[in-house]
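Colleague: Below is one structure. I have some questions about it.
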Amino acid sequence: MNGKRAELGVDLGFMRLKNPVITASGTFGYGEEYKDLVDLNRLGGIAVKGLSLEPKEGNPPPRIIETPCGMLNAIGLANPGLKAFIEKKVPFLETLDTNIIVNIYGHSLTEYGAVAAGLKGIDAIDALEVNISCPNVEQGGMAFGTDPDTSARVTEEVLEKSDKPVIVKLSPNVTDIRVIAKAVQKAGAHAVSLINTLTGMSIDIESGRPELFNLTGGLSGPAIRPVAVHMVYQVAQAVEIPVIGMGGIIEYRDALEFLIAGARAVQVGTANFVSPGVCAEIIEGMEEYLRVKDIPDINGIIGTVKSA
Amino acid sequence: MIEKDAGIVFNRKVAHATFLMGLNAPEIAGKAAPGQFVMLRVTKGIDPLLRRPFSISGVQGTDTLLILYRAVGRGTSIMSEKKEGESVSLLGPLGNGFDLEASKKKMILLAGGIGIAPLLFVAQRLEPASYRFMTGFRSKQEIIGADGTGIILNNNEISTDDGSFGRKGFVTDLLKGRIERDGPEGVCLFTCGPLLMLKNAVKIAAESRIPCQVSLEANMACGLGACQGCAVPASVAMNETYYHVCQDGPVFEMNQIDWDRI
């Protein structure tokens, strides 16, 4: 390749990324928290912490506990709410030269729509990522994302109220994730991202109490990676829209696994907590992998998984 | 704040299951203030996965950061077996330390067990005549400071739960006795230790109208304000519902915290 650098840019159709590495929502704050430790403009994108219409204080502690090769969290989607986000967080995001994805959630269709509408016209925001794992208050608290119809309705509502491309973030806590992926594709989603955390529980055997105040939490970290790779593989076969893969990526090899499985880009989550510089290392590792393999373009490996 | 691999200068046992580690980290040692902490990672592997917060126990010379710790779990057990010349990964210094301006009065440093860690750094920065150390341990074998930490504790009153050394009882009994004897006037309290002990200390301080700063700990993943895991309930008087130990603390004024809900 005559020492020429491999192309890392990927095109999702609605958004071009300088490289396929995005920080996952809830693990990188609003970018600002990491500005002294990380060159934020090096990133392919930043998915900021989940945003709701009103401020949300989050769950009582304990909110996190480490589990084998992973962690359980029940933060409770703490965030400052739409108004404070626009006033206090957007000005910093506007200074960055990377793609900004705003993760949004609601407890009703109206709330999803209201957050999407509130973010209209903010140029610094390149896309919305819709968290459909929230309980549907109007329908008995079942998560929107566990049912294809409610998943589709949330997608339609956000698309109708927003002027941004819409990525739907899928929950793995379903019988067949492909059914949900197809439903949101049909509803008009521009992309899907997966997987959100797996529901889990950990109990202190001395006290007999769950380790988290919330009883259950979302499991993330390397422990869930094989599950995530499988689901990304399944969904990439089932839909035409781009798939963004995530779940336990801590180094470039893990990220490559997702790309080969069919993801067009990846998100890195829990690893940011452990090693703030991890995304830059993953980007460099990908470059080196392509150089050694003499592959000129990262797009050349996407979805190339062979049947055994 | 910076992230770096720091070489281990020494790592020695100073009491039962208790170790003092010296780390070559001039960039962190130079900036660190008493009460601040570092996020430390003992292995590059994925088990244990997350960093853990450790109070900074002091600075030796200009380059060496001191971490006093108890081996209680997998990570600290691996840490205790690390040898001189090996390294650990540090992220820090993090958080807000003690307000030493408040300490011009008659200072009491009240420590329960390994809660002595941040207070040793406070003592290092104070005039020896300006403070009194009160430390409580479960038993004689756990006492830190009496046995080769290299840190001299001035005016150190010691209690043990089982009476095997010093006064039998809790360290908060020492505090109560001191206030009853000398009165609360001009006294200022800095404290760190198990939650139950902190609650008792805060109760005594509130009743005696003594200003009190408390160093808290919480489960946390990042130490940077991103994970929001380390929430502690704010007192009703504050215009907040939760504080985050990593960014709002780890040192708080006692009246910032809702001690009934914590």
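Colleague: Quick check: Cα centre of the stretch A:224-264 to Cα centre of the stretch B:27-72, how many Å?
Modeller: Rounded to whole Å, the Cα centres lie 36 Å apart.
Colleague: Pull out a ≥ b ≥ c, the square roots of the eigenvalues of the alpha-carbon gyration tensor of chain A, then state rounded if a/c is under 1.5, prolate if not and a/b is larger than b/c, and oblate in the remaining case.
Modeller: Working: a/c = 1.36, a/b = 1.25, b/c = 1.09.
Rounded shape, in that the Cα axes give a/c under 1.5.
Colleague: Who wins for biggest fluctuation among B:Arg181, B:Arg12, B:Arg167 in a Gaussian network model of chain B, springs between alpha carbons below 10 Å?
Modeller: Between B:Arg181, B:Arg12, B:Arg167, it is B:Arg181 that shows the largest mean-square fluctuation.
Colleague: Starting from the amide H of B:Ser139, placed 1.01 Å from N in the peptide plane, find each other amide H under 5 Å away whose residue is 5 or more places distant or on another chain.
Modeller: Long-range HN contacts for B:Ser139: B:Asp161.
Colleague: Taking the Cβ-Cβ separation of B:Asp161 and A:Glu206 as r and a Förster radius of 30 Å, what is the calculated FRET efficiency to the nearest 0.05?
Modeller: On the way: r = 19 Å, r/R0 = 0.63.
E between B:Asp161 and A:Glu206, to the nearest 0.05, is 0.95.
Colleague: Right, here's the next one. Would you be so kind as to identify which of A:Pro276, A:Leu212, A:Ala127 lies farthest towards the positive end of the dipole of chain A, taking Lys and Arg as +1 and Asp and Glu as -1 on Cβ and the Cα centre as origin?
Modeller: Projecting each Cα onto the dipole axis, the largest value belongs to A:Ala127.
Colleague: Roughly speaking, what is the centre-to-centre gap between the stretch B:231-262 and the stretch A:53-98 when only Cα atoms are used, to the nearest Å?
Modeller: With the stretch B:231-262 and the stretch A:53-98 each reduced to a Cα centre, they are spaced 18 Å.
Colleague: Another one. Can you tell me which of A:Glu32, A:Glu157, A:Glu251 moves the most in a GNM of chain A? Springs connect C-alpha atoms under 10 Å apart.
Modeller: Between A:Glu32, A:Glu157, A:Glu251, it is A:Glu32 that shows the largest mean-square fluctuation.
Colleague: Arranged from highest to lowest average of other beta-carbon atoms within 10 Å per residue, in what order do the peptides A:267-278, B:182-193 appear?
Modeller: So the peptides A:267-278, B:182-193, ranked by packing, come out A:267-278, B:182-193.
Colleague: Turning to a different aspect of this structure: Given charges of +1 on the Cβ of Lys and Arg and -1 on the Cβ of Asp and Glu, with all other atoms neutral, how large is the dipole of the stretch A:1-126 about its Cα centre, in debye to the nearest 20?
Modeller: 160
Colleague: Then there's this: Tell me the net charge near B:Val251. Cut-off is 12 Å between Cβ atoms, B:Val251 excluded, with +1 for each Lys or Arg and -1 for each Asp or Glu.
Modeller: On the way: positive: none; negative: B:Asp99, B:Glu217, B:Asp248, B:Glu253.
In short, -4.
Colleague: Excluding residues on the same chain fewer than 8 positions from A:Lys182, give the lysines whose Cα lies under 16 Å from its Cα.
Modeller: A:Lys169
Colleague: From the P(r) of the stretch B:100-215, could you give the percentage of C-alpha pairs in the tail past 26 Å?
Modeller: Value for the stretch B:100-215 (Cα pairs over 26 Å): 10 percent.
Colleague: Still on this structure, please answer the following. Any lysines with Cα under 30 Å of the B:Lys83 Cα? List them, leaving off those in the same chain fewer than 8 positions away.
Modeller: In chain and number order, the partners are B:Lys4, B:Lys13, B:Lys31, B:Lys44, B:Lys140.
Colleague: Sorted from fewest to most neighbouring beta carbons within 10 Å, what does the list A:Thr197, A:Thr110 look like?
Modeller: A:Thr110, A:Thr197
Colleague: Which aspartates and glutamates, on any chain, are close to B:Lys105 with Cα under 13 Å apart, when same-chain ones fewer than 8 places away are left out?
Modeller: B:Glu127, B:Glu185
Colleague: Mind checking the stretch B:1-83 for GluC sites (Glu not before Pro) that DSSP puts in a loop (not H, G, I, E or B) and that have at most 16 other Cβ atoms within 10 Å?
Modeller: The qualifying sites are B:Glu81.
Colleague: Check which residues have an amide H placed less than 5 Å from A:Ala143's amide H, if you skip close sequence neighbours.
Modeller: Amide H neighbours of A:Ala143: A:Asn136.
Colleague: Sticking with this one: Would you work out which of B:Gly95, B:Ile204, B:Leu119 lies farthest towards the positive end of the dipole of the stretch B:79-208? Charges go on Cβ: Lys and Arg +1, Asp and Glu -1.
Modeller: Farthest towards the positive pole: B:Ile204.
No value in this document is a laboratory result; all are computed from the given coordinates. Predicted model, so just to flag it, every value in this text is computed and none were measured. All Cβ positions, glycine included, derive from the backbone under ideal geometry; neighbour counts span all protein chains shown.
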